[in-house]
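Inspection log for the structure reproduced underneath, given as C-alpha coordinates.
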Amino acid sequence: MKSVAEQHFSRELLSWYRANKRTLPWRANRDPYRIWVSEIMLQQTRVDTVIPYYERFMDRFPTIRALAEAPEPEVLKCWEGLGYYSRARNLQAGARMVMELYGGEVPDDKTSVAGLKGVGPYTSGAIMSIAFNRPEPAVDGNVMRVLSRYFCLEEDIAKPKTRIGIEKLAVSLIPEGAAGDFNQGLMELGALVCTPKSPSCLLCPVMEHCAGRIAGKEHELPIKTKAKPPRPEHRVAAIIVGSGANAGKVLVRQRPETGLLAQMWELPHLLLSKEQSYLLAIDGAAANEQAAAGELLTKAVEAETGLLIRPRKWFMDAEHVFSHIHWTMRFYLADLGAEDYSLAAESAAAYETGGETSSEAVEQPYRWIGPKDMETLAFPNLFLRILREYWD
Ligand code: SF4
(Lines give C-alpha, C1' and ligand atoms only; values in the text may rest on other atoms or scores of the structure.)
Protein backbone atom coordinates (compact mmCIF):
# COMPACT_ATOMS: atom_id res chain seq x y z
CA MET A 1 0.00 0.00 0.00
CA LYS A 2 1.50 3.32 -1.05
CA SER A 3 1.77 6.16 1.47
CA VAL A 4 0.03 9.49 0.84
CA ALA A 5 3.42 11.07 0.05
CA GLU A 6 4.22 8.35 -2.50
CA GLN A 7 0.84 8.62 -4.21
CA HIS A 8 1.11 12.41 -4.27
CA PHE A 9 4.58 12.24 -5.80
CA SER A 10 3.65 9.83 -8.62
CA ARG A 11 0.45 11.64 -9.53
CA GLU A 12 1.71 15.23 -9.35
CA LEU A 13 5.01 14.53 -11.09
CA LEU A 14 3.33 12.76 -14.00
CA SER A 15 0.77 15.47 -14.63
CA TRP A 16 3.42 18.22 -14.23
CA TYR A 17 5.65 16.50 -16.78
CA ARG A 18 2.87 16.03 -19.30
CA ALA A 19 1.94 19.71 -19.06
CA ASN A 20 5.47 21.14 -18.94
CA LYS A 21 7.86 18.86 -20.78
CA ARG A 22 10.41 20.53 -23.00
CA THR A 23 10.36 19.90 -26.71
CA LEU A 24 13.62 18.07 -27.32
CA PRO A 25 14.74 16.39 -30.55
CA TRP A 26 14.87 12.90 -29.00
CA ARG A 27 11.32 13.27 -27.75
CA ALA A 28 9.91 13.47 -31.31
CA ASN A 29 9.08 9.75 -31.20
CA ARG A 30 9.85 6.60 -29.21
CA ASP A 31 12.40 5.08 -31.56
CA PRO A 32 14.72 3.13 -29.19
CA TYR A 33 17.79 3.95 -31.29
CA ARG A 34 17.14 7.69 -31.03
CA ILE A 35 16.56 7.40 -27.30
CA TRP A 36 19.69 5.29 -26.87
CA VAL A 37 21.88 7.85 -28.67
CA SER A 38 20.40 10.70 -26.65
CA GLU A 39 20.92 8.95 -23.33
CA ILE A 40 24.56 8.20 -24.13
CA MET A 41 25.19 11.79 -25.25
CA LEU A 42 23.47 13.21 -22.18
CA GLN A 43 25.79 11.37 -19.77
CA GLN A 44 27.94 14.03 -18.08
CA THR A 45 26.77 16.60 -20.65
CA ARG A 46 24.19 19.38 -20.56
CA VAL A 47 21.06 19.26 -22.71
CA ASP A 48 21.88 22.55 -24.49
CA THR A 49 25.31 21.25 -25.44
CA VAL A 50 23.94 17.92 -26.65
CA ILE A 51 21.18 19.21 -28.97
CA PRO A 52 23.34 20.33 -31.96
CA TYR A 53 25.55 17.25 -31.64
CA TYR A 54 22.53 15.01 -31.49
CA GLU A 55 20.95 16.53 -34.58
CA ARG A 56 24.18 16.27 -36.54
CA PHE A 57 24.75 12.70 -35.39
CA MET A 58 21.22 11.59 -36.32
CA ASP A 59 21.53 13.25 -39.75
CA ARG A 60 24.79 11.45 -40.36
CA PHE A 61 23.79 8.10 -38.77
CA PRO A 62 19.98 7.96 -38.98
CA THR A 63 19.74 4.20 -38.38
CA ILE A 64 21.49 1.54 -36.36
CA ARG A 65 22.79 0.07 -39.60
CA ALA A 66 24.28 3.41 -40.69
CA LEU A 67 26.10 3.72 -37.37
CA ALA A 68 27.23 0.08 -37.30
CA GLU A 69 28.67 0.28 -40.82
CA ALA A 70 30.38 3.67 -40.48
CA PRO A 71 34.18 3.85 -40.19
CA GLU A 72 35.08 4.59 -36.57
CA PRO A 73 37.01 7.81 -37.39
CA GLU A 74 33.81 9.28 -38.85
CA VAL A 75 31.89 8.47 -35.68
CA LEU A 76 34.62 10.07 -33.57
CA LYS A 77 34.66 13.11 -35.83
CA CYS A 78 30.92 13.54 -35.34
CA TRP A 79 31.47 13.29 -31.57
CA GLU A 80 34.43 15.69 -31.56
CA GLY A 81 34.02 18.29 -28.82
CA LEU A 82 31.56 16.28 -26.71
CA GLY A 83 34.33 14.54 -24.74
CA TYR A 84 34.27 11.09 -23.10
CA TYR A 85 34.98 9.54 -26.49
CA SER A 86 34.70 5.97 -25.24
CA ARG A 87 30.94 6.67 -25.24
CA ALA A 88 31.01 7.03 -29.04
CA ARG A 89 33.09 3.91 -29.53
CA ASN A 90 30.88 1.86 -27.21
CA LEU A 91 27.74 3.17 -28.89
CA GLN A 92 29.02 2.01 -32.24
CA ALA A 93 30.06 -1.36 -30.77
CA GLY A 94 26.54 -1.66 -29.31
CA ALA A 95 25.00 -0.84 -32.71
CA ARG A 96 27.12 -3.58 -34.28
CA MET A 97 25.87 -6.02 -31.63
CA VAL A 98 22.27 -5.10 -32.45
CA MET A 99 22.98 -5.76 -36.14
CA GLU A 100 24.60 -9.12 -35.46
CA LEU A 101 22.41 -10.44 -32.68
CA TYR A 102 19.00 -8.80 -33.14
CA GLY A 103 18.64 -8.15 -36.87
CA GLY A 104 19.10 -4.38 -36.50
CA GLU A 105 16.20 -3.84 -34.02
CA VAL A 106 16.78 -2.88 -30.39
CA PRO A 107 15.09 -5.77 -28.56
CA ASP A 108 12.18 -5.17 -26.18
CA ASP A 109 14.01 -7.17 -23.52
CA LYS A 110 15.81 -5.75 -20.51
CA THR A 111 18.54 -8.38 -20.27
CA SER A 112 19.42 -8.07 -23.96
CA VAL A 113 19.47 -4.27 -23.83
CA ALA A 114 21.56 -4.30 -20.64
CA GLY A 115 24.05 -6.60 -22.41
CA LEU A 116 24.82 -4.07 -25.16
CA LYS A 117 28.25 -2.47 -25.08
CA GLY A 118 28.24 0.80 -23.14
CA VAL A 119 24.71 0.33 -21.77
CA GLY A 120 24.68 0.45 -17.97
CA PRO A 121 21.74 0.13 -15.56
CA TYR A 122 20.66 3.76 -16.05
CA THR A 123 20.70 3.65 -19.86
CA SER A 124 18.96 0.28 -20.07
CA GLY A 125 16.27 1.57 -17.69
CA ALA A 126 15.84 4.71 -19.78
CA ILE A 127 15.57 2.77 -23.06
CA MET A 128 13.20 0.16 -21.63
CA SER A 129 10.91 2.71 -20.00
CA ILE A 130 10.93 5.50 -22.61
CA ALA A 131 10.95 3.37 -25.79
CA PHE A 132 8.94 0.36 -24.57
CA ASN A 133 7.10 1.82 -21.57
CA ARG A 134 8.37 -1.00 -19.33
CA PRO A 135 8.31 -0.27 -15.58
CA GLU A 136 12.09 -0.13 -15.15
CA PRO A 137 13.94 2.43 -13.03
CA ALA A 138 16.30 4.90 -14.70
CA VAL A 139 18.26 6.28 -11.78
CA ASP A 140 21.08 8.75 -12.38
CA GLY A 141 22.49 11.53 -10.20
CA ASN A 142 19.51 13.81 -10.90
CA VAL A 143 17.00 11.19 -9.86
CA MET A 144 18.95 10.28 -6.72
CA ARG A 145 18.96 13.94 -5.74
CA VAL A 146 15.22 14.38 -6.24
CA LEU A 147 14.27 11.22 -4.36
CA SER A 148 16.78 11.81 -1.55
CA ARG A 149 15.25 15.21 -0.99
CA TYR A 150 11.61 14.25 -1.38
CA PHE A 151 11.91 11.29 1.01
CA CYS A 152 14.60 12.95 3.15
CA LEU A 153 16.99 10.03 2.65
CA GLU A 154 20.28 10.60 4.43
CA GLU A 155 22.29 7.67 3.06
CA ASP A 156 25.40 8.39 1.00
CA ILE A 157 24.37 8.24 -2.69
CA ALA A 158 27.96 7.41 -3.68
CA LYS A 159 27.42 3.94 -2.13
CA PRO A 160 26.08 1.19 -4.42
CA LYS A 161 23.75 0.01 -1.64
CA THR A 162 22.01 3.41 -1.58
CA ARG A 163 21.63 3.37 -5.34
CA ILE A 164 20.03 -0.07 -5.24
CA GLY A 165 17.62 1.13 -2.54
CA ILE A 166 16.70 4.20 -4.62
CA GLU A 167 16.14 2.04 -7.71
CA LYS A 168 13.68 -0.11 -5.76
CA LEU A 169 11.93 3.01 -4.52
CA ALA A 170 11.81 4.48 -8.05
CA VAL A 171 10.17 1.32 -9.47
CA SER A 172 7.56 1.33 -6.73
CA LEU A 173 6.60 4.91 -7.66
CA ILE A 174 6.02 4.28 -11.39
CA PRO A 175 2.31 4.75 -12.15
CA GLU A 176 0.63 1.93 -14.08
CA GLY A 177 1.25 2.22 -17.84
CA ALA A 178 3.23 5.47 -17.61
CA ALA A 179 6.84 4.37 -17.04
CA GLY A 180 8.30 6.46 -19.89
CA ASP A 181 6.64 9.72 -18.93
CA PHE A 182 7.20 9.18 -15.21
CA ASN A 183 10.92 8.51 -15.59
CA GLN A 184 11.32 11.47 -17.91
CA GLY A 185 9.36 13.56 -15.40
CA LEU A 186 11.83 12.62 -12.66
CA MET A 187 14.77 13.59 -14.88
CA GLU A 188 13.03 16.80 -15.93
CA LEU A 189 12.26 17.79 -12.35
CA GLY A 190 15.91 17.25 -11.40
CA ALA A 191 17.10 19.27 -14.40
CA LEU A 192 14.70 22.22 -14.14
CA VAL A 193 13.34 22.52 -10.60
CA CYS A 194 15.10 20.37 -8.00
CA THR A 195 18.51 21.53 -9.23
CA PRO A 196 21.76 20.75 -7.35
CA LYS A 197 22.51 24.18 -5.83
CA SER A 198 19.24 26.07 -5.73
CA PRO A 199 16.09 23.94 -5.74
CA SER A 200 13.03 26.01 -6.70
CA CYS A 201 10.77 24.51 -4.04
CA LEU A 202 8.08 27.15 -4.47
CA LEU A 203 7.61 26.13 -8.10
CA CYS A 204 7.86 22.41 -7.42
CA PRO A 205 4.83 20.24 -8.20
CA VAL A 206 5.61 17.89 -5.29
CA MET A 207 6.56 20.43 -2.63
CA GLU A 208 3.53 19.78 -0.42
CA HIS A 209 4.79 16.39 0.78
CA CYS A 210 8.52 16.87 0.25
CA ALA A 211 10.09 15.63 3.50
CA GLY A 212 13.47 17.19 2.72
CA ARG A 213 11.93 20.62 2.26
CA ILE A 214 9.73 20.24 5.33
CA ALA A 215 12.83 19.34 7.37
CA GLY A 216 14.67 22.33 5.88
CA LYS A 217 17.31 20.01 4.40
CA GLU A 218 16.79 20.62 0.69
CA HIS A 219 20.21 22.27 0.43
CA GLU A 220 22.01 19.56 2.45
CA LEU A 221 20.64 16.61 0.53
CA PRO A 222 21.69 14.41 -1.10
CA ILE A 223 24.58 13.22 1.05
CA LYS A 224 27.50 12.35 -1.18
CA THR A 225 31.09 11.60 -0.23
CA LYS A 226 33.50 13.47 -2.44
CA ALA A 227 35.16 11.60 -5.29
CA LYS A 228 38.96 11.63 -5.41
CA PRO A 229 40.23 14.71 -7.28
CA PRO A 230 41.69 14.01 -10.73
CA ARG A 231 45.42 13.15 -10.74
CA PRO A 232 47.48 16.17 -11.90
CA GLU A 233 49.77 15.66 -14.89
CA HIS A 234 52.13 18.28 -16.28
CA ARG A 235 53.00 18.04 -19.95
CA VAL A 236 54.90 19.94 -22.61
CA ALA A 237 53.81 19.86 -26.22
CA ALA A 238 55.16 20.99 -29.54
CA ILE A 239 53.47 22.69 -32.44
CA ILE A 240 56.01 21.51 -35.00
CA VAL A 241 55.81 23.82 -37.98
CA GLY A 242 56.50 22.51 -41.48
CA SER A 243 58.63 24.10 -44.18
CA GLY A 244 59.18 23.53 -47.91
CA ALA A 245 56.41 21.25 -49.21
CA ASN A 246 54.88 21.30 -45.72
CA ALA A 247 54.87 25.06 -45.27
CA GLY A 248 51.76 26.18 -43.39
CA LYS A 249 51.26 22.71 -41.92
CA VAL A 250 51.89 21.24 -38.48
CA LEU A 251 52.82 17.75 -37.45
CA VAL A 252 50.22 15.67 -35.58
CA ARG A 253 50.11 12.10 -34.42
CA GLN A 254 47.35 9.61 -33.80
CA ARG A 255 46.92 8.12 -30.34
CA PRO A 256 47.01 4.36 -29.79
CA GLU A 257 43.97 2.16 -30.46
CA THR A 258 43.16 1.72 -26.80
CA GLY A 259 43.30 3.84 -23.67
CA LEU A 260 42.60 7.50 -23.08
CA LEU A 261 41.36 9.36 -26.20
CA ALA A 262 42.05 6.24 -28.27
CA GLN A 263 42.71 6.85 -31.97
CA MET A 264 42.18 10.59 -31.76
CA TRP A 265 44.75 13.01 -33.21
CA GLU A 266 46.93 15.32 -31.17
CA LEU A 267 50.05 17.44 -31.11
CA PRO A 268 53.13 15.56 -29.88
CA HIS A 269 53.50 15.98 -26.13
CA LEU A 270 55.13 14.31 -23.20
CA LEU A 271 54.59 13.81 -19.53
CA LEU A 272 56.95 15.63 -17.17
CA SER A 273 58.19 13.79 -14.10
CA LYS A 274 57.29 15.15 -10.64
CA GLU A 275 60.76 16.72 -10.42
CA GLN A 276 60.34 18.46 -13.79
CA SER A 277 56.80 19.72 -13.26
CA TYR A 278 58.12 22.92 -11.60
CA LEU A 279 58.85 24.09 -15.15
CA LEU A 280 55.18 24.75 -15.70
CA ALA A 281 54.91 26.82 -12.54
CA ILE A 282 57.19 29.46 -14.08
CA ASP A 283 55.82 32.15 -16.34
CA GLY A 284 55.78 30.73 -19.86
CA ALA A 285 57.22 33.86 -21.38
CA ALA A 286 60.27 33.86 -19.07
CA ALA A 287 63.40 33.37 -21.15
CA ASN A 288 65.25 31.02 -18.78
CA GLU A 289 62.31 28.75 -18.35
CA GLN A 290 61.76 28.59 -22.09
CA ALA A 291 65.30 27.43 -22.53
CA ALA A 292 65.05 24.77 -19.82
CA ALA A 293 61.71 23.37 -20.92
CA GLY A 294 62.64 23.73 -24.58
CA GLU A 295 65.76 21.67 -24.05
CA LEU A 296 63.81 19.08 -22.16
CA LEU A 297 61.20 18.93 -24.88
CA THR A 298 63.85 18.57 -27.57
CA LYS A 299 65.58 15.71 -25.79
CA ALA A 300 62.42 13.92 -24.82
CA VAL A 301 60.77 14.24 -28.24
CA GLU A 302 63.89 13.01 -29.90
CA ALA A 303 64.30 10.11 -27.47
CA GLU A 304 60.68 9.05 -27.64
CA THR A 305 59.78 9.75 -31.24
CA GLY A 306 63.03 10.08 -33.15
CA LEU A 307 62.03 13.60 -34.21
CA LEU A 308 64.75 16.24 -34.16
CA ILE A 309 63.01 19.44 -33.18
CA ARG A 310 64.10 22.94 -32.34
CA PRO A 311 61.67 24.73 -29.99
CA ARG A 312 61.40 28.36 -31.04
CA LYS A 313 59.23 29.98 -28.40
CA TRP A 314 56.49 29.52 -25.87
CA PHE A 315 53.04 29.60 -27.51
CA MET A 316 50.49 29.19 -24.71
CA ASP A 317 49.44 27.18 -21.65
CA ALA A 318 46.20 25.22 -21.45
CA GLU A 319 44.41 22.81 -19.15
CA HIS A 320 42.03 19.95 -19.58
CA VAL A 321 40.27 17.96 -16.88
CA PHE A 322 39.24 14.39 -17.58
CA SER A 323 37.25 12.43 -15.00
CA HIS A 324 40.46 10.99 -13.49
CA ILE A 325 43.33 13.12 -14.85
CA HIS A 326 43.97 16.86 -14.89
CA TRP A 327 46.36 17.92 -17.65
CA THR A 328 48.26 21.17 -17.43
CA MET A 329 50.06 21.60 -20.71
CA ARG A 330 52.57 24.09 -22.09
CA PHE A 331 52.80 24.46 -25.86
CA TYR A 332 55.90 25.51 -27.75
CA LEU A 333 56.29 26.44 -31.37
CA ALA A 334 59.03 24.30 -32.85
CA ASP A 335 60.74 23.61 -36.18
CA LEU A 336 62.10 20.33 -37.39
CA GLY A 337 65.85 20.23 -36.87
CA ALA A 338 66.53 18.32 -40.11
CA GLU A 339 64.73 19.34 -43.28
CA ASP A 340 65.06 15.98 -44.95
CA TYR A 341 63.93 14.02 -41.95
CA SER A 342 62.01 10.94 -43.01
CA LEU A 343 58.50 10.63 -41.61
CA ALA A 344 58.70 6.90 -42.20
CA ALA A 345 61.16 6.71 -39.34
CA GLU A 346 58.92 8.82 -37.17
CA SER A 347 56.00 6.49 -37.75
CA ALA A 348 57.78 3.75 -35.89
CA ALA A 349 58.37 5.99 -32.91
CA ALA A 350 57.65 4.97 -29.37
CA TYR A 351 55.68 7.15 -27.05
CA GLU A 352 53.38 6.99 -24.11
CA THR A 353 50.11 5.13 -24.29
CA GLY A 354 46.75 5.87 -22.73
CA GLY A 355 47.98 8.79 -20.67
CA GLU A 356 50.48 6.53 -18.86
CA THR A 357 54.14 6.37 -19.71
CA SER A 358 55.00 3.09 -21.32
CA SER A 359 58.35 1.55 -22.04
CA GLU A 360 56.93 -0.48 -24.92
CA ALA A 361 57.52 0.80 -28.41
CA VAL A 362 54.24 1.60 -30.17
CA GLU A 363 53.90 2.36 -33.85
CA GLN A 364 52.36 5.77 -34.30
CA PRO A 365 51.35 7.39 -37.55
CA TYR A 366 52.43 11.00 -37.90
CA ARG A 367 50.96 13.38 -40.40
CA TRP A 368 51.45 16.91 -41.65
CA ILE A 369 48.12 18.68 -41.62
CA GLY A 370 46.71 22.03 -42.63
CA PRO A 371 43.50 23.73 -41.43
CA LYS A 372 41.40 21.79 -43.98
CA ASP A 373 42.37 18.45 -42.45
CA MET A 374 40.65 19.51 -39.22
CA GLU A 375 37.37 18.80 -41.02
CA THR A 376 38.10 15.09 -41.21
CA LEU A 377 40.46 14.18 -38.36
CA ALA A 378 39.03 14.00 -34.84
CA PHE A 379 40.91 15.96 -32.17
CA PRO A 380 40.22 16.22 -28.43
CA ASN A 381 38.95 19.67 -27.41
CA LEU A 382 42.24 20.77 -25.92
CA PHE A 383 44.14 20.32 -29.20
CA LEU A 384 41.29 21.74 -31.26
CA ARG A 385 41.52 24.90 -29.20
CA ILE A 386 45.29 25.18 -29.63
CA LEU A 387 45.26 24.47 -33.37
CA ARG A 388 42.47 26.98 -33.99
CA GLU A 389 44.39 29.54 -31.98
CA TYR A 390 47.50 28.80 -34.04
CA TRP A 391 45.78 29.08 -37.42
CA ASP A 392 43.57 32.07 -36.57
S1 SF4 B 1 10.19 20.66 -2.86
FE2 SF4 B 1 12.24 21.40 -3.27
S3 SF4 B 1 13.60 19.84 -2.45
FE4 SF4 B 1 11.55 18.94 -2.59
S5 SF4 B 1 11.58 17.90 -4.55
FE6 SF4 B 1 10.71 19.92 -4.88
S7 SF4 B 1 12.45 21.21 -5.47
FE8 SF4 B 1 13.26 19.33 -4.59
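The values are calculated or read from the model by the stated rules, or taken from the named source; none is laboratory data. What you see is a predicted model; the values in this text were computed from it and never measured. Don't worry about glycine lacking a Cβ; one is built from the backbone with ideal geometry, like all the others, and counts go over all protein chains shown. Calculation scope for accessible area: heavy atoms of the full protein, side chains included, ligands and nucleic acids excluded. Shrake-Rupley method; radii C 1.70, N 1.55, O 1.52, S 1.80 Å.
In µm²/s, what is D for region 33-130 at 10 °C and 1.306 mPa s, where D = kT/(6 pi eta Rh) by Stokes-Einstein and Rh is the Kirkwood radius from Cα pairs? Numbers along the way, then the final one.
On the way: Rh = 13.3 Å.
Translational D for this selection: 119 µm²/s.
Sticking to Cα atoms, compute the Rg of region 125-248 to one decimal and its Dmax as the biggest Cα-Cα distance, whole number, in Å.
When restricted to the Cα atoms of region 125-248, Rg and Dmax are 21.3, 73 Å.
FRET efficiency for ILE164 and ARG30, Cβ-Cβ distance as r, R0 = 22 Å, nearest 0.05?
0.20
Could you derive backbone 3J(HN,Hα) for region 174-191 from the dihedral phi with the Karplus parameters 6.51, -1.76 and 1.60 (θ = phi - 60°), listing whole Hz in sequence and x where the residue is Gly or Pro?
5, x, 3, x, 10, 4, x, 5, 5, 4, 5, x, 4, 5, 5, 4, x, 7
So if I average 1/r over every pair of distinct C-alpha atoms in the chain and take the inverse, what Kirkwood radius in Å does that give?
That comes to 23.7 Å for the chain.
Taking the solvent-accessible surface of protein heavy atoms with a 1.4 Å probe, what is the per residue accessible area of the chain in Å²?
Computed with neighbouring chains in place, this is 48 Å² per residue.
What aspartates and glutamates could a cross-link reach from LYS224, if we take a straight Cα to Cα line under 16 Å and drop same-chain neighbours fewer than 8 places away?
Within reach: ASP140, GLU154, GLU155, ASP156.
Could you compute how fast region 4-214 diffuses translationally, taking Rh as the Kirkwood radius over C-alpha pairs and applying Stokes-Einstein at 4 °C with viscosity 1.567 mPa s? Give it in µm² per second.
It diffuses with D of about 73 µm²/s by this estimate.
Taking a 19 Å limit on the Cα-Cα distance, which of the listed pairs LYS197/LYS226; LYS110/LYS168; LYS117/LYS159; LYS21/LYS110 fall beyond it? Could you put the intermediate results ahead of the total?
Details: LYS197/LYS226 16 Å; LYS110/LYS168 16 Å; LYS117/LYS159 24 Å; LYS21/LYS110 26 Å.
From the list (LYS197/LYS226; LYS110/LYS168; LYS117/LYS159; LYS21/LYS110), the Cα-Cα distance tops 19 Å for LYS117/LYS159; LYS21/LYS110.
On C-alpha positions alone, give me the angle between the axis of helix 32-42 and the longest principal axis of the chain, in degrees, nearest 10.
Once rounded, the angle reads 60 degrees.
To the nearest 10 degrees, how steeply does helix 381-391 sit against the main Cα axis of the chain, on a 0 to 90 scale?
50
Counting other Cβ atoms within 10 Å, keep those with at most 15, restrict to DSSP loop, and tell me which GluC sites (Glu not before Pro) in region 189-272 are left. The partial results should precede the final answer.
Values: sites: GLU208, GLU218, GLU220, GLU233, GLU257, GLU266; in loops: GLU218, GLU220, GLU257.
Listed in order of number, the matching sites are GLU220, GLU257.
Give a residue-ordered list of calculated ³J(HN,Hα) values for region 212-223 (Karplus: 6.51 cos²θ - 1.76 cosθ + 1.60, θ = phi - 60°; whole Hz; x for Gly, Pro).
Calculated HN-Hα couplings, in order: x, 5, 4, 7, x, 10, 4, 8, 8, 9, x, 7 Hz.
Would you pull out the residues with amide H under 5 Å of PHE379's amide H, same chain only if 5 or more places away, H placed 1.01 Å from N?
Close amide H contacts, sequence-distant or interchain: TRP265.
Roughly what angle does helix 86-102 make with the longest principal axis of the chain, taking Cα atoms, 0 to 90 degrees, to the nearest 10?
60
State, to one decimal in nm, how far the label point of LYS117 lies from the label point of GLU220, with both points 7 Å from Cα in the Cβ direction.
Distance between label points: 4.6 nm.
Starting from the amide H of PHE315, placed 1.01 Å from N in the peptide plane, find each other amide H under 5 Å away whose residue is 5 or more places distant or on another chain.
PHE331, TYR332, LEU333
Write down the percent of antiparallel bridges among all DSSP beta bridges whose residues are both part of the chain, to the nearest 5.
Details: 22 of 34 bridges.
So the antiparallel bridges in the chain amount to around 65 percent.
For the chain, which whole-number percentage of the solvent-accessible area (1.4 Å probe, protein heavy atoms only) is attributable to carbon and sulfur atoms? Mind showing how you got there, number by number?
Numbers: 9940 of 18720 Å².
In the chain, the share of accessible area belonging to carbon and sulfur is 53 percent.
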